[in-house]
Amino acid sequence: MKPAKITEGVYTLRVNHFNRHLFDSLIPLPDGTSYNAYLVKGAEKTALLDAADPEKAGVLFDYLSGVEKLDYVVCHHAEQDHSGSIPLVLERYPGAKVVTNPKCKELLTAHLHIASDRIIEVKDGETLDLGGKTLEFVYLPWVHWPETMGTWLREDRVLFSCDFLGAHLASGELFSDEQSRYIPMKRYYAEIMMPFRANIKTNLEKLAKYDIAFIAPSHGPVHRDPKAVIGLYHEWAVEGPRNKALIAYVSMHGSTYMLVNRLVSRLQDAGICVEKLNLDHFEEGRVAMAMVDAATIVIGTPTVLTGPHPKAAYAAYLANALRPKAKYLSVIGSFGWGGRAVENLAAMLPNVKAEILPPVMIKGMPGEAEFAKIDELAAAIVSRHAGLPGCGL
Ligand code: FEO
């Protein structure tokens, strides 16, 4: 494999992993992913920025086959999809030093047993001159781990942003384009970044002073229209929710499904965009994406034994972990002889700072009286959505 040139002396060594289907044994990857290393060649020194998942180390070394000398390996983030093959790189290049921040050094020592005398610590804002190529290190905490940082390459105006602004997308295209990146970026944001919305806002503010020409993330293609990409993150993380309701449901014998359909119909009649996701069919990433900009989340569940259906419980667990910006929550569903599905679900959502709208739990199959309760819930949602911006994509 040949490194692809971004600007003079700056190359991407993108390690595509087309047939990886799951990340962290948790996150579905419908588009695969990539681990992006970058090579920056100055007049005097050469730096490798990040490495690759050790499962694909062979591809990284194929890229490096023409590189005789490496002076630095900048490690932006200790998670193993980027750092895991650094020990192999250090073995191949015995003169190379890892450049990272103190927190990342601690994690590299813990996770990869990298010897401390192979690591140079850098402070936020510190620079490293490669000879006409100046690397400025920019701490970007919590996008994704506390030690995450980026690098600003001054002369070429390239921001190496690590996980931030990336996408789980294996692709042969060097640069992203508006159409092909939107869904993978939104999915990535939903699954990885959404819990850190407050940190994203702070980090976007920190990056505002840079006149960026290229954003080179650690996953997915390079962006050459940084304003548009940063605008997406601003919309998802900083702006308020949209006129959209997510109804995530599971139904065993059809009663919950009847309630869901009534609610969807009433909300759509009132002009609210509805994402109706049957948890039998839609995987976690799709549900997470729908949570990004919905103002209301309703979980539909039958009662299993005495609690919610496990798939509904998982949706609640997901919402609690991802902390979406929804302002309103509710539960609808059915039971045969009793149960505590609503109480159990509500107890699972302490992190979602939303108003709980009156739940509708009914016994057996709904009739007109039960549909009337759904209509009341729909009316409550509609009144609260007044004035919210349209649902977008
Ligand atoms: Fe792509 Fe947080 O590692």
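The values are calculated or read from the model by the stated rules, or taken from the named source; none is laboratory data. Everything quoted here is computed from the prediction, not taken from an experiment. We place every Cβ from the backbone using ideal geometry, glycine too, and count neighbours over all the protein chains shown. When the accessible area is computed, the model is the full protein with side chains, heavy atoms only, and any ligands, DNA or RNA have been set aside. Shrake-Rupley method; radii C 1.70, N 1.55, O 1.52, S 1.80 Å.
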Could you tell me whether the stretch 1-109 comes out rounded, prolate or oblate from its Cα gyration tensor? Rule is a ≥ b ≥ c as square roots of the eigenvalues, rounded for a/c under 1.5, then prolate if a/b exceeds b/c, otherwise oblate.
oblate
What list of ³J(HN,Hα) couplings, whole Hz, do you get for the stretch 139-145 from phi and the Karplus terms 6.51, -1.76, 1.60, once you set θ to phi - 60° and write x for glycine and proline?
5, 10, x, 6, 9, 10, 10
Alpha carbon centroid spacing (whole Å) that separates the stretch 2-31 from the stretch 54-133:
18 Å
Excluding same-chain residues fewer than 8 positions from Lys353, which aspartates and glutamates have a Cα within less than 18 Å of its Cα?
Glu239, Asp293, Glu343
Computed over the chain, the relative contact order (Cα-Cα under 8 Å, seq sep at least six) in percent reads 12 percent
Name the residue, out of Gly333, Gly132, Gly66, whose mean-square fluctuation peaks in a Gaussian network model built on the chain with Cα pairs under 10 Å.
Gly66
Per DSSP H run of at least 4 residues, take -39500 (n - 2.57); add these up for the chain, divide by its residues and hand me the 222 nm value, nearest 500 deg cm²/dmol.
-9000 deg cm²/dmol
Set of lysines with alpha-carbon distance to Lys56 below 18 Å, sequence-local pairs under 8 removed
Lys2
Quick one: angle between helix 102-112 and the longest Cα principal axis of the chain, in degrees between 0 and 90, rounded to 10, please.
80 degrees
So if I take the centroid of the Cα atoms in the stretch 255-287 and the same for the stretch 364-384, what is the distance between those two points in Å?
14 Å
Want the number for His21 to Leu174: 0.36 nm per residue separation, take away the alpha-carbon distance, what's left?
52.9 nm
Send over the per residue convex hull volume for the chain, Cα only, as a whole number of Å³.
132 Å³
Could you grab the relative contact order for the stretch 1-123? Cα pairs under 8 Å, six or more apart, rounded to a whole percent.
19 percent
Could you pull the Cα extents of the stretch 4-237 along its three principal axes, largest to smallest, in whole Å?
43, 38, 32
What order do Glu68, Glu147 take when sorted by accessible area (1.4 Å probe), most exposed first?
Glu68, Glu147
Using alpha-carbon positions, the gyration tensor of the stretch 351-393 gives root eigenvalues a ≥ b ≥ c; with a/c under 1.5 called rounded, otherwise prolate if a/b exceeds b/c, else oblate, the class is prolate
Separation between the Glu155 and Asp129 pseudo-spin-labels, each 7 Å from Cα along Cα→Cβ, expressed in nm?
1.1 nm
Apply the Karplus curve 6.51 cos²θ - 1.76 cosθ + 1.60, θ = phi - 60°, to the phi angles in the stretch 196-213 and return the couplings in whole Hz, x for Gly and Pro.
10, 4, 5, 5, 4, 4, 4, 5, 5, 5, 5, 7, 4, 6, 8, 8, 7, 9
Is the shape of the stretch 162-208 rounded, prolate or oblate, going by the alpha carbon gyration tensor and its root eigenvalues a ≥ b ≥ c, with a/c under 1.5 for rounded and a/b larger than b/c for prolate?
prolate
The longest stretch of the chain containing none of the chymotrypsin sites (Phe, Trp or Tyr not before Pro) that sit in a DSSP loop with at most 14 other Cβ atoms within 10 Å is 19-336
Go through the chain and flag any cysteine with no other cysteine's C-beta closer than 4.7 Å, please.
Cys75, Cys104, Cys162
Rank these by accessible area, largest first, 1.4 Å probe: His144, His21.
His21, His144
In Å², what does the accessible area per residue of the chain work out to with a 1.4 Å probe?
41 Å²
Rounded to whole Å, √(5λ) for the Cα gyration tensor eigenvalues of the stretch 109-201, largest first, gives 26, 19, 14
Of Lys5/Lys325; Lys206/Lys276; Lys325/Lys373; Lys97/Lys186, those spanning more than 32 Å from alpha-carbon to alpha-carbon
Lys5/Lys325; Lys206/Lys276; Lys97/Lys186
